[in-house]
1. Taking Rh as the Kirkwood radius computed over C-alpha pairs, what is the Stokes-Einstein D of the chain at 20 °C in a medium of viscosity 1.002 mPa s, expressed in µm² per second?
2. Can you tell me the relative contact order of the range 3-232? Whole percent, Cα pairs under 8 Å, sequence separation 6 or more.
3. Taking the DSSP beta bridges in the range 129-232 as the whole, what percent of them are antiparallel, to the nearest 5?
4. Cα centroids of the range 419-444 and the range 190-234: how far apart, whole angstrom?
5. For the range 404-456, what is the percent of antiparallel DSSP beta bridges, rounded to the nearest 5?
6. Given the range 36-119, what whole percent of its Cα pairs are spread farther than 17 Å?
7. Beta carbons within 10 angstrom, averaged per residue: use that to sort the peptides 412-422, 197-207, 257-267, highest first.
8. Based on the alpha carbons, how large is the Rg to Rh ratio for the range 180-240 when Rh follows Kirkwood?
Ligand SMILES: NC(=O)c1ccc[n+]([C@@H]2O[C@H](COP(=O)([O-])OP(=O)(O)OC[C@H]3O[C@@H](n4cnc5c(N)ncnc54)[C@H](O)[C@@H]3O)[C@@H](O)[C@H]2O)c1
């Protein structure tokens, strides 16, 4: 065995392996959805000794995963998800498949991480429903189903349960077990947070709760917290996300206020957060990713059904959705100040991910900002060494992005960027502008280097 593989094994044994399930019932786990959550979750079961199957409808993803390839950037200590994947493929504890039916027939525990996308404010339940149909049609007596997707409160009992019962011809709670556990990880920290963040679980009856806690405890070393009902867990998850949306909208307003006063929002937030009951967030170029922007749209349908007003949440979402347009108009204003116009200007964008150090560009504000700038006549060249998606405005190096640019716009941090002010400026046009939405560049150094500097 290669030295590196031995090192990884030792590291993982030390960190995780105390929870290996001793009985065969808890050992066979299949996970529907092999995306940002599903793949590291399945591997977390595999490296604790479970026999795992990862199910996905995306044939290319399944093929690549079985070949040991993944674009995910998850790490645990210095071990990459790709290394874990290859170890678990080689030892036969993990495989990916598009055949969900067979995976269910060969497992005792089925975990669902299939998402509910939002399109133009409307949720699309089809993927989750289809996963439940496949599971139901292949379920055996005594199997456990845990829904782990983030859902509209009520979904597990109002959609998943009837579909599972109808397709299986069995009764939930009597013939098979059903639970809901919220998924709370942040991308990039998945292995650590599956293990060390408390997991919250609700179930349709005591027997389901007991079985779910046993299985979840295989991966979760922190507390597995039982709730009295499923809706409480579904709702707490959506509230966790939506409170960040509201706090970020507030941080953006604070930033405009401090900008007016001529003081630095990041200093103000730091000062305010020295109060032990205050935890302000910092502003940025927008709110992205799968979780936070979708949260309001998961609450709204149920609120409308119950005739409950969600005015604050709605306003926060609308305000955050406006941020890319705000950044674009700020660029227009700064160019105007320098005697230039947005139409025909060159803009170098650094960072396309929806958050710092991520490869995820789903619902990514930087992408929206690029599109708005292009629509307004600017030539955008964006560089992100980690995001794999191809865009017409994406270039292969920081230098290509910066060449003759009028503005350098920093929209997401990546380790590979060289943010030395004189280096940045050396590639750019006369009177360059630096728009630093991440407060990553020293204000004085940027001005000394000859930049017109703007911080969000
Ligand atoms: N990404 C995060 O950081 C995060 C954090 C907490 C919770 N969540 C929640 O976890 C869930 C999954 O999120 P994600 O980021 O992993 O999404 P993702 O899009 O990366 O992965 C979902 C996967 O499900 C697959 N899929 C669709 N229909 C299927 C079906 N019928 N059977 C099997 N697979 C199917 C898709 O092809 C996709 O690969 C969502 O509900 C999300 O809100 C995500």
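1. Working: Rh = 23.8 Å.
Answer from the Stokes-Einstein relation: 90 µm²/s.
2. The normalised contact order for the range 3-232 reaches 19 percent.
3. 25
4. Answer, in whole Å: 47.
5. Values: 0 of 8 bridges.
Within the range 404-456, antiparallel bridges account for around 0 percent of the total.
6. Distances greater than 17 Å cover 45 percent of the Cα pairs.
7. Values: 412-422: 15.7, 197-207: 18.5, 257-267: 13.0.
Descending packing order for the listed peptides: 197-207, 412-422, 257-267.
8. 0.96
Every number here is computed from the coordinates shown, using simple stated rules; none is lab data. What you are looking at is a predicted structure, and each value in this text was computed from that prediction instead of being measured. Glycine gets a Cβ as well: all are built from the backbone with ideal geometry, and neighbour counts include every protein chain shown.
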